[in-house]
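**Q** One structure, pasted below without further comment.
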Amino acid sequence: CVGCVWVVCWYSYNAMDMFINKNSYLDYYISYSSPDSKEWKKFKKLWIEIHKICSENNLDVYVVLLPMLGLEKKIKEIDSVYERVGKLSEENGAKVINLFTIIHQYDVKKLRVGITDAHPNEQGHRLYADSIYDFFRQQKQ
């Protein structure tokens, strides 16, 4: 729960920063996860703290890497972001569910709310939910 609240606040802070500095979303997305950036260092420190709190309370940590439905054609540029976040998560004991790997089987335009809104629509949410469910089902086996 602490992690969920933090993620929402972190996203809002960075979104405001992006609009103030007039960066493209791709530039923003890549820059805040660059290993040398102050944002990544802050993220890493807070992520380790969240993991510590979860460990102290015997809570498993799962990280879901959600696809950026408007950036799927920029896979080479954002692949390192997913790798870096996934690696940090796994190094700290989290299990990673990377949903970016599943969208390549689909017409991404049919998973989005609309051309100007890259959030997942009903079909996109169903795909995410089914994939996460399958992940947990496999974990039980």
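The values are calculated or read from the model by the stated rules, or taken from the named source; none is laboratory data. No experiment lies behind these values; they were computed from the predicted model shown. Backbone-built Cβ (ideal geometry, glycine too); neighbour counts: all protein chains shown. Please note that ligands, DNA and RNA were not included when accessible areas were found on the heavy atoms of the full protein model with its side chains. Shrake-Rupley method; radii C 1.70, N 1.55, O 1.52, S 1.80 Å.
**Q** Which order do S34, S89 take by accessible area at a 1.4 Å probe, largest first?
**A** S34, S89
**Q** Can you list residues from other chains, or at least 5 along the same chain, whose modelled amide H is less than 5 Å from the amide H of V63?
**A** Residues meeting the criterion, in which the H sits 1.01 Å from N, are K95, V96, I97.
**Q** Run the numbers on the stretch 75-141 and let me know its relative contact order in percent, using alpha-carbon pairs under 8 Å that are six or more apart.
**A** Value for the stretch 75-141: 20 percent.
**Q** Full-extension gain between D130 and S34, please, as 0.36 nm times their residue separation minus the C-alpha to C-alpha distance.
**A** 31.5 nm
**Q** How far apart, in nm, are the 7 Å Cα→Cβ label points at Q139 and S80?
**A** 3.0 nm
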